[in-house]
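The values are calculated or read from the model by the stated rules, or taken from the named source; none is laboratory data. Just so it is clear, the model here is predicted, and its values are computed rather than measured. FYI the Cβ positions are ideal-geometry reconstructions off the backbone, even for glycines, and counts take in every protein chain you see.
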Amino acid sequence: MNNTSTRVGVIGAGLMGSGIAEVCARNGCEVISYEISPDALDAGRHRIESSLQRALTKNKISDDELAETLARIRYTGDLDELHDREFVFEAIVESEPEKLDVFARLDKVVSDPNAVLASNTSSIPIMKLAMATANPERVVGVHYFNPVPVLPLVELVSSLLTSEATASKAGAFAADVLGKTVIRSQDRAGFIVNALLIPYILSAVRLLDSGFASAEDIDNGMVLGCAHPMGPLRLADLIGLDTVQAIAEAMYEEFKEQLYYAPPFLLRMVEAGLLGRKTGRGFYDYRSKAA
Ligand code: NAD
């Protein structure tokens with residue numbers, strides 16, 4: 001696939017949207033990053049610039065590559081600017097009503113009938129998002145992992161109405177342009193990875209809440225005993241506890257199984273704004289250098 005001029009739009013510039021915009025631009029795409037407010041747009045721009053600076057410091061990119069990457073990303077608060085996109089990746093908050101609204105609007109804005117409208121949702125069935133559009137065949141799930149510039153996996157999720165052309169195009173883009181490894185999942189809430197990961201994280205929250213063990217001991221158990229790179233509570237902090245809650249609720253809604261039920265302790269953390277790394281505090285405190 002010729003990536004030099006691929007026109008990509010990314011909706012949302014939070015943790016994931018900024019990472020998706022960055023990897024697309026690093027791989028030669030011409031990217032428009034859209035956000036709901038000027039402050040969120042600035043935060044996204046800052047996140048991308050900091051990430052590229054870190055890559056420069058680690059000699060993963062050169063000064064020229066950094067400048068070229070930044071030059072390939074345009075920022076906007078006007079969704080209409082995405083009218084000519086070939087690929088749009090939606091990465092807004094994990095909220096079904098908000099995503100439905102975005103897909104309905106995107107479908108009207110993006111003119112190319114062969115354009116791919118992809119969602120990075122972790123748990124909302126792609127079929128629901130597709131039905132908000134008049135062209136469900138061009139809607140597909142492309143689920144990246146956090147941090148997007150580092151983790152090599154993408155889950156590709158077709159709904160019952162996604163065309164094979166759309167799925168192939170999205171899979172080829174992720175593999176050939178971005179260099180990701182693509183796995184395919186059925187359109188069930190949580191897909192493959194979160195179907196396994198979320199019950200595991202929720203179990204760790206329940207262990208902590210019951211006084212069974214400290215956060216450090218739970219995490220050390222999995223890091224040192226199972227060779228996981230990160231324990232479940234630190235991972236929850238990295239994902240964002242609001243996102244963990246939203247994914248758990250979507251999976252509970254889909255399967256009605258107790259193992260997906262978000263425990264009250266997690267809800268209280270979210271209500272308190274203790275969302276993890278992104279707010280400076282979650283199960284750990286990131287405001288001090290030691291965390
Ligand atoms: P986040 O809270 O960091 O960012 C969400 C962004 O969406 C915010 O910047 C917000 O301003 C923006 N936004 C909200 N409504 C919008 C709208 N209508 N239009 C444009 N922008 C809007 O969340 P995140 O962690 O980046 O998650 C985004 C999506 O990616 C979710 O669907 C989540 O489930 C999924 N995801 C998250 C992770 C993770 O580890 N955090 C991993 C894989 C997938």
Counting only residues that are within 12 Å of the ligand (Cβ to nearest atom) and either out of contact with any strand residue (DSSP E or B) (no Cβ under 6 Å at 6 or more places or on another chain) or not hydrophobic (A, V, I, L, M, F, W, C) (or both), how many does the stretch 17-32 have?
3
Just name the residue that is farthest from GLY12 (Cα to Cα) out of those in the stretch 91-108 that are within 14 Å of the ligand (Cβ to nearest atom) and surrounded by 17 or more Cβ atoms within 10 Å (Cβ to Cβ).
GLU96
Out of ALA71, ALA134, ALA67, ALA130, sole residue that is out of contact with any Gly (no Cβ under 9 Å at 6 or more places or on another chain), more than 21 Å from VAL31 (Cα to Cα), away from the ligand (no atom under 16 Å from the Cβ) and of a type in the set (A, V, I, L, M)
ALA134
Anything in the stretch 33-50 that is more than 8 Å from the ligand (Cβ to nearest atom) and buried (at least 23 other Cβ atoms within 10 Å of the Cβ)? List them, or say none.
SER33, ILE48
One residue from VAL88, VAL93 being touching a strand residue (DSSP E or B) at 6+ places or on another chain (Cβ under 6 Å) and hydrophobic (A, V, I, L, M, F, W, C)
VAL88
In the stretch 51-62, which residue that is out of contact with any Leu (no Cβ under 8 Å at 6 or more places or on another chain) and free of Cβ contacts under 8 Å to residues at least 24 places away in the same chain is farthest from the ligand (Cβ to nearest atom)?
ASN59
What helices (runs of 4 or more DSSP H) lie completely within the stretch 177-284 and have 1 or more residues being closer than 21 Å to TYR144 by Cβ?
193-209, 232-239, 241-255
Scan the helices (runs of 4 or more DSSP H) fully inside the stretch 15-90 and keep the ones with 3 or more residues being on the phi > 0 side of the Ramachandran plot and small (Gly, Ala, Ser).
none
Could you grab me the full set of residues in the stretch 255-291 that are among the small types (Gly, Ala, Ser) and more than 15 Å from ALA236 (Cα to Cα)?
ALA272, SER288, ALA290
Filter the stretch 109-120 for residues that are away from the ligand (no atom under 11 Å from the Cβ) and in contact (Cβ under 8 Å) with a residue 40 or more places away in the chain; the one that is surrounded by the most Cβ atoms within 10 Å (Cβ to Cβ) is ALA118
Return a yes/no flag: does the stretch 256-269 have any residue that is modelled with pLDDT of 95 or more, small (Gly, Ala, Ser) and surrounded by fewer than 15 Cβ atoms within 10 Å (Cβ to Cβ).
no
Only listed residue being among the hydrophobic types (A, V, I, L, M, F, W, C) and under 27 Å from TYR260 (Cβ atoms), chosen from VAL177, VAL102:
VAL102
Against the conditions (1) crowded, with 19+ Cβ neighbours inside 10 Å; (2) closer than 15 Å to LEU161 by Cα; (3) within 19 Å of the chain's Cα centre (by Cα), where does MET127 fall short? Just the number, please.
(1)
Considering the stretch 142-152, residues that are near the ligand (Cβ under 10 Å from one of its atoms) and not β-branched (Val, Ile, Thr), and then whichever is surrounded by the fewest Cβ atoms within 10 Å (Cβ to Cβ), we arrive at LEU151
So which residues in the stretch 206-241 are surrounded by 14 or more Cβ atoms within 10 Å (Cβ to Cβ), within 19 Å of LEU275 (Cβ to Cβ) and within 16 Å of the ligand (Cβ to nearest atom), if there are any at all?
GLY231, PRO232, LEU233, ARG234, LEU235, ALA236, ASP237, LEU238, ILE239, GLY240, LEU241
